[in-house]
Structures are given as C-alpha cells and as structure tokens.
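These notes are about the structure you will find just below.
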Amino acid sequence: MSFSVPNRRIVLTATASLVATGASGLFAPALAQDIAPTPSMRGGANNYLPGAPIVERIGSGGFLMSGTVRRAGDGAPLAGQRIQIWAHTTEGHERDPHSHGATLTDENGVFRLEMPQIVPAFGQPHGHLAYDGEDFETVFLRPVMRRAGDTSLSADFVLKPA
C-alpha cells in the first residue's frame, strides 16, 4: 500500500472550503468586522470652544482640512455629522474665536473645510478637530503635520453611539 502526502495547495483549498461552507455544506455569509471607535487624543481638546458656527470657510482659506466619519462596529459612513476644526494659523491663534469653525459630513461621511495655513505652535504644526454632536461620544483629535509647508491635513473619526 502506498501513501502520498497531499501538497499544501490541496490542504489549504480543502480547509477553506470547509470553513466557507461549514458542516451543513451551505455557504456562510461574511460578517462585518468590528471597527473600534477612535479614542480622543491627548491635547485634542486644547482651546476647544463649544458651539463654533458652521461656516463655508475659516478666514481666507488656502489650507484644506478633511477626513471621514464612520460608525463604530460596522464602519458605515455617517452623513450630517458636525465636525469642529481649529488651529494656530497665519491669521490667528487657536484660542481665537475666528480661528474656529464647523462643517457637516456629506452623504459619504466625508468632511472638508478650507482654512488659513496652519503654522507651528509649540514647535509642531498641528490642527484640532472634534466631533461634538449629540448622537455619539465626543472625540477630540490633534493630528500633527509632516511638514510645516503642507497645505492639507486629514483626520478620520470612528464614532461610538452615546
């Protein structure tokens, strides 16, 4: 009697088939991954001003702050969510009310807000963003730019229901 060792491809294919079909032989649908919420960043809430107005642009513009907002768990995009943005810029300090503004996410959970060029504060060029609505837990972000001359910065939120 001869015995042959199956090659790796056959073993992997057979294993994948058993996992996909289960013992019943029926196809098992893929389940959504559990997407963890974004934690607030240290220093993110510095100079936060509750209730900053929704604006078309902060100051004269020239710098683009953008990102996405998704729901924790299933990662679904969240439309109509309020994101507040502020920073130390060529037109003012991050504590100045005119350096703050808010925008809403579009139907794909994307936000964009033009603002003056961010400049280094405390040695780092950085922005501040906050989700500060009522339906989800508040999250503060403080992303740092790679270079002071960058003209855009992106930050993504994954929100946990309140």
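The values are calculated or read from the model by the stated rules, or taken from the named source; none is laboratory data. Bear in mind the structure is a predicted one, so any value in this text is a computation, not a measurement. Here Cβ is always computed from backbone atoms with ideal geometry, including for glycine, and neighbour counts include all displayed protein chains. For accessibility, only protein heavy atoms count, side chains too; no ligands or nucleic acids. Shrake-Rupley method; radii C 1.70, N 1.55, O 1.52, S 1.80 Å.
Remarks
- Counting residues in region 144-159 that are under 21 Å from D74 (Cα atoms) and either assigned to a loop (DSSP other than H, G, I, E, B) or charged (D, E, K, R) (or both) gives one or more.
- If the condition is being over 17 Å from the mean Cα position of the chain (by Cα) and among the charged types (D, E, K, R), then region 113-136 contributes E114, E134.
- Residues in region 38-58 that are touching a Leu at 6+ places or on another chain (Cβ under 8 Å) and either of a type in the set (G, A, S) or in a strand (DSSP E or B) (or both): S40, G44, I54, R57.
- Checking region 75-82 against the condition returns no match, with no residue being among the charged types (D, E, K, R), over 12 Å from Y131 (Cβ atoms) and at pLDDT 95 or above.
- The residue pairs whose first member lies in region 90-108 and is within 30 Å of A76 (Cβ to Cβ) and of a type in the set (D, E, K, R), whose second member is open to solvent by less than 80 Å² (accessible area, probe 1.4 Å) and not in a helix (DSSP H, G or I), and whose beta carbons are closer than 7 Å, counting only pairs six or more residues apart or on different chains, are D106/A79; E107/A79.
A quick yes/no check of all residues on (1) of a type in the set (S, T, N, Q); (2) more than 22 Å from V158 (Cβ to Cβ); (3) in a loop (DSSP other than H, G, I, E, B); (4) open to solvent by 40 Å² or more (accessible area, probe 1.4 Å):
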| site | (1), (2), (3), (4) |
| --- | --- |
| S60 | yes, yes, yes, yes |
| L64 | no, no, no, yes |
| G67 | no, no, no, no |
| R70 | no, no, no, yes |
| Q84 | yes, no, no, no |
| E94 | no, yes, yes, no |
| H98 | no, yes, no, yes |
| G127 | no, no, no, no |
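- A102 in a strand (DSSP E or B), open to solvent by less than 70 Å² (accessible area, probe 1.4 Å) and of a type outside the set (V, I, T): yes
- Contacts under 6 angstrom Cβ, first residue in region 133-153 being polar (S, T, N, Q), partner open to solvent by 70 Å² or more (accessible area, probe 1.4 Å) and not in a loop (DSSP other than H, G, I, E, B), 6 or more apart: none
- Residue among V139, V110 that is loosely packed, with under 15 Cβ neighbours inside 10 Å and either within 18 Å of the chain's Cα centre (by Cα) or modelled with pLDDT under 95 (or both): V110
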